[in-house]
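A quick write-up on the structure given underneath.
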Amino acid sequence: MNPPAASAALRAGPVSAEPAWVPLEACAARAPAGLLPWLAEPGLLTARVRAAGGAATRFRMLRLEPAPLPESLKLRLDVGEGGGLVREIEFACGGERWIFAQSVFPDSTLARYPWLRELGESPLGEALRRVADTVREPLEYAELPADHELARAAQPQGGGSLWARRAVYRLAGAPIIVQEVFLPALVRSAPEVP
């Protein structure tokens with residue numbers, strides 16, 4: 001399943017420099033107040049989106065395909081290989097995209113956990129809870145410039161900067177990364193969820 005070329009991340013094209021990914025404490029003062037509870041969510045975003053959107057909540061896979069890993073991700077994941085599988089989904093409510101999520105599975109992780117290729121529409125976070133010896137590293141946050149490849153994938157029609165968070169998960173040491181981008185409709189439309 002492939003989205004229009006404009007929304008595909010991890011592809012060649014002019015992009016801005018990689019932003020500094022930092023702890024929330026280092027950037028919370030710059031983030032929109034209505035977005036802070038979402039950025040700071042310690043649990044699964046899937047559960048929070050379902051609680052906020054109710055029956056109107058939709059999860060849709062946008063992309064699942066092999067892709068080269070950018071140097072910045074190879075360094076962050078501490079992998080030498082150049083390829084992996086990219087999975088992109090959206091969390092939407094009432095026809096508006098609230099959150100865009102991109103998961104990157106390096107080839108070495110896929111060799112050990114081939115079921116990652118078969119997730120389909122199932123949320124990754126819920127699947128990871130069932131895997132013994134899964135460790136999530138601390139969340140990292142960044143304000144993505146509009147021309148950053150992840151922001152362009154999340155908001156193909158263009159727009160301003162977007163806030164994102166990411167975490168590296170290690171499945172018995174094998175890394176994956178999940179990057180979540182929060183769109184303006186989330187702050188406009190989502191009710192407060194404790």
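The numbers here are math on the coordinates, done by the rules we state, and not lab data. These numbers were taken from a predicted model, which means no experiment stands behind them. Note that we place each Cβ from the backbone using ideal geometry, even for glycine, and neighbour counts take in every protein chain shown.
In sequence order, what are the phi-derived ³J(HN,Hα) couplings for region 93-104 according to the Karplus relation 6.51 cos²θ - 1.76 cosθ + 1.60 with θ = phi - 60°, rounded to whole Hz, with x for glycine and proline?
For region 93-104, the Karplus-derived couplings read 8, x, x, 10, 6, 9, 9, 10, 10, 10, 10, 10 Hz, x marking Gly and Pro.
Can you give the convex hull volume per residue for the Cα atoms of region 114-194, as a whole number of Å³?
So the per-residue Cα hull volume is 143 Å³.
For a distance above 20 Å, tell me the whole-number percent of Cα pairs in region 27-94 that qualify.
So the portion of pairs separated by more than 20 Å is 55 percent.
Given q = 0.16 Å⁻¹, what are the Debye log10 I(q)/I(0) values for region 37-189, with equal point scatterers placed on the Cα positions and solvent ignored?
These q points yield log10 I(q)/I(0) values of -0.89.
Magnitude of the Cβ-charge dipole of region 37-189, K/R +1 and D/E -1, about the Cα centre, nearest 20 debye?
It works out to roughly 420 debye.
Students often check this: by mean Cβ neighbours within 10 Å, which of 39-46, 63-70, 173-180 ranks highest, and how do the rest follow?
173-180, 63-70, 39-46
According to the Kirkwood expression over distinct Cα-Cα pairs, how big is the hydrodynamic radius of region 89-152, in Å?
Averaging 1/r across every pair of different Cα atoms and inverting gives 14.3 Å.
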